[in-house]
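Following: one structure in C-alpha cells, then a few remarks.
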Amino acid sequence: MPVEFRHETLPNGLTIIAEVDPEAHSAASGFFVRTGARDEPSEVMGVSHFLEHMMFKGTARRSAEDVNREFDEIGANYNAYTSSEITCFHAQVLPERLGQANDILADILRPALRESDFDTEKGVILEEIAMYRDEPFWVLYERVVEERYNGAPLAHRVLGTNETVGAMTQAQMRAYFEQRYSADNTVVALAGKIDFEACVEQFAGLCKDWRATKPHRDTSAPPPRAAEFVEESEQFTRAYWIMLAQAPALEDDRRYAAAMLAHILGGPANSRLHWALLETGLAEEAQAAYDPHDGCGDYFVYASCDPARADEVRTVIDREIEGLIETVSEQDLERLRNKSAAALTLAGERPGGRMQRIGRLWTYLHAHRTLEEELDAIMRVTLDDVRAVHEAFPFSPRCVGLLRPKA
C-alpha cells in the first residue's frame with residue numbers, strides 16, 4: 001500500500017500531520033515548535049535551548065525520573081534539539097507503543113518549570129557554554145554569524161551567553177514559554193504504522209487546554225554585508241577560517257540548486273575544496289555547505305590548517321570560489337542528483353526520517369511535499385538553474401573570520 005498523507009488542525013490551532021505507512025514496522029512522533037534563538041528577546045538569549053532542558057525535568061504528572069523511565073520502558077528512541085528556528089521533541093517506537101510515546105511527549109511539552117529545577121539546570125547550561133568555548137570551530141562560527149547578521153535576531157547564539165543565561169529568571173522563561181509554545185505555533189508530525197484518527201483523538205484530549213497566542217516572527221532578510229576580522233588565542237594551536245555569504249531562503253525553490261552548488265565547492269568527497277586543499281595537504285579540514293533559514297539563507301565555507309599556511313589556504317579558497325561557476329559541468333550535476341536522491345531516499349526509508357522531513361517542512365512552509373516530489377525537484381535541477389542561483393547569490397559580499405594562535 002502507498003504512503004498516505006493525513007492532516008488535521010484542532011480548534012485551538014494545533015496542527016497534526018502524518019505519513020501513514022501500513023507496511024512499516026515502527027512509528028515516529030515529533031512535536032515541532034516554531035521557535036528558536038532568532039525569536040528570543042536579546043536579554044533572554046538562550047531561553048529556547050534552556051527550555052529544551054527543562055522539558056525533561058518533570059511535569060505536573062511526571063517527575064524527571066518518570067519521564068526517562070517511561071520512555072525506556074516502552075523502548076523509545078527519543079531526543080530533542082534546538083536550533084535558531086525550531087525546537088523539536090521526538091520519539092520512535094514500535095507501533096503498539098505509539099500512544100504511550102504521544103502521551104509522554106505531550107506531557108513534557110507542558111513542563112512544571114520549578115524554581116529549584118531552573119536553578120540547577122542553569123548551572124548545566126553554563127557548563128555547556130564553557131565546553132563550547134573550548135571548541136575553536138564554535139568560537140569562530142558564532143563570531144562570524146554575529147558579523148553576518150549585525151544585530152538581527154539570527155545573530156543570537158542558540159546556547160546564549162554567560163551573561164544572558166546567568167541573569168535569566170524563571171519568570172522570564174515562563175513568559176517566553178507561554179507566548180511561544182502555543183498550540184498554533186506547534187506541529188505534531190507522525191510517520192509509520194499509525195492509526196491517524198486515534199492519534200488525532202488522543203491529541204485532542206491531551207492538548208485541549210493549550211492556548212493559541214498568534215506568535216510573530218520577523219522573517220525579513222537582512223541586507224548582504226561584508227566584514228572581515230582576525231582573532232588570536234593562546235588556547236588553540238591551529239588556524240581556522242570561516243566565511244558566510246547570502247544564499248536563498250528555505251522557502252525559495254532555488255534552494256535545490258544552491259545546495260548542489262555548495263556541494264560541488266566543498267562537499268565531503270570529490271569537491272573542489274577536497275581536491276585543492278585536502279588532497280594536496282594544505283588543510284586538514286575543508287568544506288562548504290548551504291544553510292537555509294526562514295526568509296534568508298547562507299553559504300558556509302570552513303577550513304582548518306597549520307597557521308603558517310593560513311594565507312595560502314585563503315588564497316586557494318578564494319580562487320576556487322571565483323572559478324566555481326565556470327567549471328561546473330553536467331557530469332557534476334548528474335553525480336550530485338544521484339547522490340542527493342540516494343541520501344534523501346535512505347533517510348525516508350524509516351518512519352523517524354519521514355517524521356523529521358515532513359515536520360520541518362510543514363513548520364517552515366505550512367505545506368506537505370512527498371518524498372517523490374522532493375526527489376523530482378532534485379532531479380530537475382539543470383546547469384542553467386545552477387548558473388542562475390550563482391548570478392543571484394555569487395558568494396559575495398562575504399563575512400570572513402580567521403582564528404589563529406596568538407603570536
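Protection proxy ranking for 78-88, 213-223, 121-131, using the average of other Cβ atoms within 10 Å per residue and placing the highest first: 78-88, 121-131, 213-223.
Taking a straight line from the alpha carbon of Lys406, these aspartates and glutamates sit under 15 Å away, with near neighbours fewer than eight places off in the same chain left out: Glu231, Glu232, Glu234, Asp306. Measuring between their Cα centroids, the range 323-402 and the range 272-318 lie 20 Å from each other. For the charge dipole of the chain, defined by +1 on Lys and Arg C-beta atoms and -1 on Asp and Glu C-beta atoms about the Cα centroid, which residue among Leu109, Ala286, Thr82 has the Cα displaced farthest towards the positive pole? In the chain, that residue is Leu109. Shown for His274, His366: other C-beta atoms within 10 Å of each C-beta, ranked fewest to most, produce the order His366, His274. Please label the shape of the range 139-188 as rounded, prolate or oblate, based on the square roots a ≥ b ≥ c of the eigenvalues of the alpha-carbon gyration tensor (a/c under 1.5 means rounded; beyond that, a/b larger than b/c means prolate, else oblate). It comes out oblate by the Cα gyration axes. Rounded if a/c is under 1.5, else prolate if a/b is larger than b/c, else oblate: which is the range 30-117, with a ≥ b ≥ c the root eigenvalues of its Cα gyration tensor? It is oblate, given that a/c is not under 1.5 and a/b is not larger than b/c. Mean sequence separation of contacting Cα pairs (under 8 Å, at least six apart), scaled by the length of the range 159-262, corresponds to a relative contact order of 24 percent. Summary of the geometry: the range 213-238 and the range 143-185, compared by the centres of their Cα atoms, lie 14 Å apart.
Here the dipole of the chain is about 400 debye; that uses its Cα centre as origin and unit charges on the Cβ of Lys and Arg (positive) and Asp and Glu (negative). Within the range 227-405, DSSP assigns beta bridges of which about 75% are antiparallel (rounded to the nearest 5). Taking a straight Cα-Cα cut-off under 23 Å and skipping sequence neighbours fewer than 8 places away in the same chain, the lysines within cross-link reach of Lys208 are Lys57.
Just going by the charge dipole of the chain, with Lys and Arg at +1 and Asp and Glu at -1 on Cβ, which of Gly401, Ala388, Ile17 is farthest out on the positive end? Looking along the dipole axis, the top candidate is Ile17.
Rule-based calculations on the coordinates, nothing more; no lab input. This is a predicted model, so every value here is computed, not measured. When we count neighbours, we look across all protein chains shown, and the Cβ atoms used for this are built from the backbone with ideal geometry, even at glycine.
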